[in-house]
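Have a look at the structure below before the remarks.
The values are calculated or read from the model by the stated rules, or taken from the named source; none is laboratory data. On a predicted model such as this, the values are computed, not experimentally measured, just so you know. Cβ atoms come from the backbone with ideal geometry, glycine included; neighbour counts cover every protein chain shown. Calculation scope for accessible area: heavy atoms of the full protein, side chains included, ligands and nucleic acids excluded. Shrake-Rupley method; radii C 1.70, N 1.55, O 1.52, S 1.80 Å.
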Amino acid sequence: MSKFRFTSTQIPGVILVEPQVHHDNRGHFFEAWSSESFSAVGIECAFVQVNQSLSKRGVLRGLHFQRPPFEQDKLVRVVRGRVFDVAVDMRRDSIAFGRWVGAMLSDQNKRQLYIPKGCAHGFLTMSDEAELLYHVSEPYNAAAEAGIRFDDPELAIRWPERPAMLSDKDLFLPNFKVAVEEDAYEGQLIFT
């Protein structure tokens with residue numbers, strides 16, 4: 001019996017993961033990651049770094065990705081609070097190229113979102129504060145950092161609330177079309 005329920009989304013490889021939570025009078029316990037269980041559904045990756053972030057209500061982070069060859073698989077989980085988590089398919093050969101999916105992740109529902117290489121990621125904080133923990137398959141590389149605008153009209157992401165705060169960097173990210181142009185990577189999307 002699996003300790004997880006894996007639900008495919010409209011983007012191939014982006015998977016909603018729901019752990020089996022065991023409750024008793026002491027609290028609860030669950031496995032957040034199992035290479036055996038994830039491998040059984042085709043998620044084969046070795047995580048090499050764990051990141052944690054804290055964001056206030058209304059903060060939008062994203063939409064971020066790492067350019068090749070530094071792309072990252074991510075497993076995103078909220079350890080405190082609630083966020084609307086989004087993945088955008090940037091893989092030219094994908095049937096879902098240019099599509100987005102979103103999921104509400106919280107410390108209450110314990111859901112996680114697995115986001116494969118080639119997808120951009122972002123989230124909007126929906127609680128007073130939210131702490132995210134995410135495992136990545138490649139170390140962060142500042143020179144490979146890139147992103148796309150959260151409000152690109154072509155993507156038309158339906159954020160549940162209007163973001164109240166973004167970083168200066170995220171405010172000036174390019175639209176999706178510019179971000180996926182092959183020649184757009186000649187320094188234009190590098191942030192220092």
Next item on the list: Scan the stretch 49-63 residue by residue and report those that are open to solvent by 50 Å² or more (accessible area, probe 1.4 Å) and part of a strand (DSSP E or B).
Entry: GLN49, VAL50, GLN52, LEU54, LYS56, ARG61
Margin query: Quick check on my filter: what residues within the stretch 29-48 are assigned to a helix (DSSP H, G or I) and in contact (Cβ under 8 Å) with a residue 24 or more places away in the chain?
Written below: SER37, PHE38, ALA40
Notebook entry, point to check: Tell me, which residue of the stretch 1-24 that is modelled with pLDDT of 95 or more and assigned to a loop (DSSP other than H, G, I, E, B) is nearest to LEU113 (Cα to Cα)?
Noted result: VAL14
Margin query: Pairs needed: first member in the stretch 127-147, farther than 19 Å from PRO163 by Cβ; second member anywhere, assigned to a helix (DSSP H, G or I) and among the hydroxyl-bearing types (Ser, Thr, Tyr); C-beta distance under 8 Å; at least 6 residues apart or different chains.
Written below: ALA146/TYR185
Margin query: Looking at the stretch 95-121, I want the residues that are in contact (Cβ under 8 Å) with a residue 12 or more places away in the chain and have a partner that is open to solvent by 10 Å² or more (accessible area, probe 1.4 Å) and hydroxyl-bearing (Ser, Thr, Tyr) with Cβ atoms under 6 Å, at least 6 apart or on another chain. Which pairs are those?
Written below: VAL101/THR9
Next item on the list: Please verify whether the stretch 149-158 includes one or more residues that are assigned to a strand (DSSP E or B) and buried (at least 18 other Cβ atoms within 10 Å of the Cβ).
Entry: no
Note to self: Just to confirm my filter: which strands (runs of 3 or more DSSP E) fall fully inside the stretch 68-120 and include at least 2 residues that are in contact with a His (Cβ under 9 Å, 6 or more places away or on another chain)?
What the structure shows: 74-80, 82-89, 112-115
Next item on the list: Select, from ALA87, ALA40, ALA46, ALA32, the only residue that is under 22 Å from ALA130 (Cβ atoms), among the small types (Gly, Ala, Ser) and surrounded by fewer than 16 Cβ atoms within 10 Å (Cβ to Cβ).
Entry: ALA32
